[in-house]
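Worksheet for the structure shown next.
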There are 2 protein chains.
Amino acid sequence: MSRRAAADIPRQPSQIAILRYLRIHGPAARIDIGTQTGLSPATVTSLTADLMAQGLVQETSSAGNGGSGNGGHGATRGRPKVLLDLVASAAYVVGVKLTINLIEIALGNFKGEIERCTRHRLNTRDLDEQGLIAKLCEFIDQFVAENPELSPQGMVGIGIAVQGVADSNSGEIMWSPALRLRQIAITKPLRDRYGTNVQMSNDANCIATAITQDNSLYGNGDFAVIMLGYGIGMGLVLNGAVYNGPFGAAAEFGHTKYQTDGPLCNCGRRGCLEAYIGDYAILRDASALIDLPPEMYIANPLHPGEDQMMDLVRQARDGNEDLADLFRHAGKVLGYGIANLIALLGPERILITGSGARAYDLMEPEIQRSLHDAQVPELRRGPKIIHLPWDKDIALQGAIGQSLLRHDENMFVLPSGSTK
Amino acid sequence: MSRRAAADIPRQPSQIAILRYLRIHGPAARIDIGTQTGLSPATVTSLTADLMAQGLVQETSSAGNGGSGNGGHGATRGRPKVLLDLVASAAYVVGVKLTINLIEIALGNFKGEIERCTRHRLNTRDLDEQGLIAKLCEFIDQFVAENPELSPQGMVGIGIAVQGVADSNSGEIMWSPALRLRQIAITKPLRDRYGTNVQMSNDANCIATAITQDNSLYGNGDFAVIMLGYGIGMGLVLNGAVYNGPFGAAAEFGHTKYQTDGPLCNCGRRGCLEAYIGDYAILRDASALIDLPPEMYIANPLHPGEDQMMDLVRQARDGNEDLADLFRHAGKVLGYGIANLIALLGPERILITGSGARAYDLMEPEIQRSLHDAQVPELRRGPKIIHLPWDKDIALQGAIGQSLLRHDENMFVLPSGSTK
């Protein structure tokens, strides 16, 4: 298992910690790097000198207090502060995102910023394993040709975000709404083709990774991000890192049970949270309540579009109580699922996001009521539930972030002789 | 929060890793210590020399291959292997275990072995906070007086295992069947009184700690230990350490829900797993099915004794199908709970133990059936379910183990000047 193997390889954690800190926080003074990483001033000076010699880190003058542009005169104590920052061009990775009928390819720099992105619309569901790999290679080749940063040795990794259930250890897509077939191996063929490190995670885990690398979102504690949409995904961050579990596909929150003999879920089992909360479940129930225009669920019943779902939400908000009840009930079920999650793991924050959070206002009172009904009062100090609006899809950002994390580790593996 | 504070204090992880390795594995050669901890031979030599100078580690000659007693002649390559081992007398901790009507006090040495143990039977449920602390101090004082190893500066910590729900961060017992009152602070008064480090966890977490320190049980992966008995407890080990969660009381598996409006649970909510599987739940249902001798549930309905529960199991095995159905149904509910746990965390092993595992043979087929019904086929590669017989209570062992882990960390905190 790659998880265990990775843990067994001795690394130089201090260097990795410095890079990670700079990627999250942006430019920082040596003294702050020391305070935050727990390294002594002498160690920080020596390690950052090494990182600068390797072209990974550079000095940059402070923006000053209030941005004075005259060489820092007037800044506190009259001296411009020397900050260290990552060198954006030190390495580049390719980010790939696979969702139904859409493949996105992005250029991420060493700071984790997306510099460019291209989108390809195609019928993904008809692709078999070979077809999918061929398409991905075609798009990546084209992207490499258009972005000189990526050649000849510029690309240090590929990070992939996949809608659905993905095994990060084996590199297989177990199941995705984007694909008709199941269990498709994708990291190995890409690794063979490009000779670079290839990481894959489901979109919820990528979002969790992106949050841990975003100073405005990440408060350093354990958290879960629940992604509502076609299905229900979850990313778990425990002790600062995304938790994949020993089998590479943990955090299948959407397939925890609300009721033993509940409605049929897309996974083939009954009573999963997803079978009450997922877009397809809402649309299925809505079709029994109101007359939907046929193209709304016949054209693509497996994957209702955003327009279709927004129309249902609008009708619910405009006074259709039957439809509003569907969203309220989804909120109730979600609240019970969250109560189980809190009982088991007690994270500090639970972030609710994804396109399905479009109806959060309708669901929220019932989420709170379920939490009240389900939780032992003594344990109710619990986490903050936070609605994270879905205005920016950060899964691609996270795919790039996970690839850079692996690249950092690979750079600082101790020579094998030192372990013998 | 102590969890975060502990993570922020810089420590010398290599020394701690060596002590931890020796505590788990027993005597080991320097080369094996290096291989297992990822430290270079030079580093192992230097650090173990320091640890020997501090009196924590000593050299011991190998038992040889096959135990030859003639100075090692005949062992591989004709040379006795020099092994390193912890010095048992380097430090002593007091282990305390609080269960209903029983307080146990034990002497644990630096290797984590229990050297002596005394048991005090008393009516714990009538104790208030002051009364409980007074009793604990009385028993500890007496124990210290009887065990010269613990005085004057011999005792480096107290580790407490509590039946029930305990907040390891705040040091409060949230709720315990051993006490009528709730939210009782116990670590602070003991810390003030004895001037030593005091750790507390619920019994399931202590058992999980003990397993991580037992070479025959711990296979290095992530696991959950589910404790069946009066209530249902769980200890979670993620990335090698017991996971307490940010609020110090995670892993309340027994209070995840099987059914929204299910039977009343002791926690005051409805439909918790415990309300189907706990001893009190089984006895409550049994009393509706068969005529129980009144003393069996009237004398102490809150806490049926082992004899009472064994009698029910015996009748079920002897052909009382109504009673057998109770245990089968408990197995069904447990299986669904485990399926949720697998979906969320996907641990490698799930150990089922505790006095309630007395009926494991009756429950097991239904556990498996539930897992089959509830799990998405693609994720069914999942964990091994292992019945860990309840012949030896290892909670006290774990209480001592957690105290030693903290002591190791406290010894190797870096001087505060080095972080500034």
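Loop only per DSSP, at most 15 neighbouring Cβ atoms within 10 Å: give me the trypsin sites (Lys or Arg not before Pro) in segment A:133-184, ordered by residue number.
Details: sites: A:135, A:180, A:182; in loops: A:180, A:182.
Answer by residue number: A:180, A:182.
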### Task
Give the calculated FRET efficiency between residue A:117 and residue A:361 to the nearest 0.05, with a Förster radius of 25 Å applied to their Cβ-Cβ distance.
0.25
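How do A:159-170, A:309-320 rank on mean C-beta neighbours within 10 Å, highest first? Walk me through the numbers before you get to the answer.
On the way: A:159-170: 25.1, A:309-320: 16.1.
Result, highest mean Cβ count within 10 Å first: A:159-170, A:309-320.
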### Query
In chain B, with Lys and Arg counted as +1 and Asp and Glu as -1 at Cβ, which of these residues, B:142, B:293, B:26, has the Cα nearest the positive end of the dipole, that is, farthest along it?
B:26
### Query
Average projected area of the Cα convex hull of the protein assembly as shown, in nm²?
41.7
### Query
How many angstrom separate the Cα center of segment A:211-231 from the Cα center of segment B:398-414?
32
### Query
What do you reckon, how do A:362, B:273 stack up by accessible area (1.4 Å probe), largest on top?
A:362, B:273
### Query
Taking a label point 7 Å from Cα toward Cβ, how far is residue A:130 from its twins in the other copies, in nm, shortest first?
8.3
### Query
If you put a point 7 Å past Cα along the Cβ direction, how far is that point for residue A:88 from the same point in each other copy, in nm, smallest first?
6.4
### FRET efficiency estimate (nearest 0.05) - Cβ-Cβ, residue A:384 to residue B:36, R0 35 angstrom
0.30
### Task
Work out how much length residue A:191 to residue A:391 would gain on full extension: take 0.36 nm times their residue separation and subtract the Cα-Cα distance, in nm to one decimal.
68.7 nm
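Could you compute Rg(Cα) / (2.2 N^0.38 Å) for segment A:142-216, with N its residue count? Working shown, then result.
Working: Rg = 13.9 Å, N = 75, 2.2 N^0.38 = 11.3 Å.
Dividing the Cα Rg of segment A:142-216 by 2.2 N^0.38 Å gives 1.23.
So what is the orientation-averaged projected area of segment A:220-387, using the convex hull of its C-alpha atoms, in nm²? Show your work: numbers first, answer last.
On the way: hull surface 41.2 nm².
That works out to 10.3 nm², a quarter of the Cα hull's surface.
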### Message
Per-residue Cβ counts within 10 Å, from other chains only, averaged over B:233-246: what number is that?
### Response
4
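Counting only protein heavy atoms, what percent of the accessible surface of chain B is carbon or sulfur at a 1.4 Å probe? The partial results should precede the final answer.
Working: 8460 of 16970 Å².
Whole-percent figure for carbon plus sulfur exposure: 50.
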### Cα-projected label distance for residue A:135 with residue B:82, points at 7 Å along beta-carbon direction, nm
6.4
### Cα-based reach from residue B:257 at 17 Å (exclusive), listing lysines while leaving out same-chain residues under 8 positions away
A:257, A:332, B:332
## Note on the structure
Log entry, pair B-A: total buried accessible area, probe 1.4 Å, protein chains only, in Å² rounded to 100, is 5300
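Sorted by mean Cβ packing within 10 Å, highest first, what order do the peptides A:344-355, A:28-39 take?
Values: A:344-355: 22.2, A:28-39: 18.4.
Ranked from most to least packed, the peptides come out as A:344-355, A:28-39.
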### Bridge type composition, chain B - antiparallel percent by DSSP, nearest 5
65
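With only alpha-carbon pairs counted, each pair once and no self-pairs, how large is the Kirkwood hydrodynamic radius of chain A in angstroms? Please list the in-between numbers first.
Values: mean 1/r = 0.0431 Å⁻¹.
Taking the inverse mean of 1/r over all distinct Cα pairs, chain A comes out at 23.2 Å.
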#### Entry: Label point distance in nm, residue A:180-residue B:61, each placed 7 Å from Cα along Cα→Cβ
7.4
### Task
Would you kindly work out, in nm and rounded to one decimal, the distances from the label point of residue A:185 to those of the same position in each other copy, ordered shortest first, with label points 7 Å along Cα-to-Cβ?
5.9
### Task
Please sort through the DSSP H helices of chain B and keep those with an alpha-carbon extent of at least 30 Å along the long axis and a Kyte-Doolittle average not below -0.5.
B:321-345
### Task
Taking a cut-off of 22 Å between Cα atoms, list the lysines near residue B:97, but don't count ones fewer than 8 places away on the same chain.
B:111, B:135, B:188, B:392
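The values are calculated or read from the model by the stated rules, or taken from the named source; none is laboratory data. On a predicted model such as this, the values are computed, not experimentally measured, just so you know. Backbone-built Cβ (ideal geometry, glycine too); neighbour counts: all protein chains shown. Each accessible area value is taken on the protein alone, full model and side chains, heavy atoms only, with ligands, DNA and RNA left out. Shrake-Rupley method; radii C 1.70, N 1.55, O 1.52, S 1.80 Å.
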